[in-house]
1. Give me the extension gain from LYS131 to LEU164: residue separation times 0.36 nm, minus the current Cα-Cα distance, reported in nm with one decimal.
2. Grab the alpha carbons of region 250-391, take their convex hull, and tell me the volume per residue in Å³.
3. What's the carbon and sulfur percent of the chain's accessible surface, probe 1.4 angstrom, rounded to a whole number?
4. Along the three principal axes, how long is region 225-314 when you take its alpha carbons, biggest first, rounded to the nearest angstrom?
5. Relative to a virtual label point 7 Å from the Cα of LEU184 in the Cα→beta-carbon direction, which members of region 81-99 show backbone nitrogen distances below 19 Å?
6. Just checking my list (1) 57, 54, 50; (2) 66, 48, 37; (3) 59, 51, 34 against Cα extents along the principal axes in Å computed from this structure; which label fits?
7. Please compare each pair in LYS131/LYS209; LYS243/LYS277; LYS9/LYS385 to a cut-off of 31 Å on the Cα-Cα distance and tell me which ones are over it.
8. Return the tail of the calculated pair distribution for region 1-126, meaning the percent of Cα-Cα pairs more than 18 Å apart.
Amino acid sequence: MQTLGAQRKGSIPTYVIICLLITASSSLFNPVLSFYLNTELGFSPLHISLFFVLLPIATILIVQTVARFSDMGLQRPSIICIASLFGVAASLLLYSRPSYLVLCTVGLVCLGSYPVSFPQIFASAREYAIKNIKRGSLMFTTFLRSLASLSWVIGPPISYGIALGGSFDLLFMVTMGMFSLCCLASFLFLPNVLDKSVADKSRHIAWWKNGSVMMLFVGIACMFTAFSSYMTTMPLYVTQELKLPENTPGFMLSLAAGLEIPLMFLAARLSKAIGLKVVVIAGACSLLVFLVLLHFAQTQAHMLWIQFFSALYIAFVASMGMVFFQELLPTIPGQATSLYINASTSGQIAGGALISLASSGSYLIIYEVGCGIAALGILLLCLVKKPPRLS
């Protein structure tokens, strides 16, 4: 499919708007999904758990497959348009209140396909920045990544506000409109900046044979396993085990998100000064420190103080980790960005499995295991080949 904007030169505002639409749509859509399936559709916790195991697996397969074709010449504007249409279809499907069978068939295809747009917009942005911004390419990517973080600061409260203050039908109509706008903007304005000569060469790149790439993948997956197990259980640990006020988890997440954005720009500057690998490893060590301090934090004030290390992990690993993959695989940015997304998704799946450890009687066992997994991740990151110094 040839889009109208493919031949355009493109602009920074175009990427900013499309990135905001993609991330804002997801931040409205995802946070309420399990709540919707339980309260509105009446699915049991077992059925919901099974669905949330199948969904990331479907997403990983779809995202990585599409990424390979995108680096071989399939136009990124077209991919983002089609992915956005799947977002529209997913909104319509949930609006129609599907049966469990439909959700686990058609729903998995729709809900697993719209996330394709996230790595593709960042891959396109990298290609655009290298071609047009040159020395400012890293800061441009970091700026877009900070917009994604900002969306996830603002989006979840808004999504619950719409769903609970209005209705889920209204929420899905809003996300339907946002996905439609994303599709339209991509079709009309997003340029196709992929170099055809590079696309021809990328057909022969076997990233799975690259030891550094595979160690980076497993290392990032380990870090996200440890962090996602904390994120999933933290509200229960704080309110049920420590008996802290119910608003404490909200304060913790808001503070971490607020610190995260300026720290991302610090990470970008440090990556230029001391190297990308050092920054990512420092962020990974910050997570290990955070999980250790979590054992000793007993009050609300302590919980808030240690959020600096949580924010440092997100800023240094979650943002620069994507750039790390791109630097190791510079000729296939679509697959590189998708590898990062899939590594984090794999970690989230494994992190969810660690929740069962809480049956021992305390959530602390989860964080103790998370410390070990994070330490393994740090070791693997140390073994990754050092990418070229960023300019």
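1. Details: separation 33, 0.36 × 33 = 11.88 nm, distance 4.53 nm.
Once the chain is fully extended between LYS131 and LEU164, it gains 7.3 nm.
2. On the way: hull volume 16.0 nm³, N = 142.
With only Cα atoms used, region 250-391 gives 113 Å³ per residue.
3. Working: 11390 of 16050 Å².
Answer for the chain is 71 percent, counting heavy atoms of protein chains only.
4. 44, 21, 19
5. 81-92
6. Computed from these coordinates, Cα extents along the principal axes in Å corresponds to label (3).
7. Working: LYS131/LYS209 28 Å; LYS243/LYS277 39 Å; LYS9/LYS385 35 Å.
Correct reply: LYS243/LYS277; LYS9/LYS385.
8. Details: 4320 of 7875 pairs.
Above the 18 Å cut-off, region 1-126 has 55 percent of its Cα pairs.
The values are calculated or read from the model by the stated rules, or taken from the named source; none is laboratory data. Please read these numbers as outputs of a predicted model, since none were measured by experiment. Heads up, the Cβs are rebuilt from the backbone with ideal geometry, glycines too, and the neighbour counts pull from every protein chain shown. Calculation scope for accessible area: heavy atoms of the full protein, side chains included, ligands and nucleic acids excluded. Shrake-Rupley method; radii C 1.70, N 1.55, O 1.52, S 1.80 Å.
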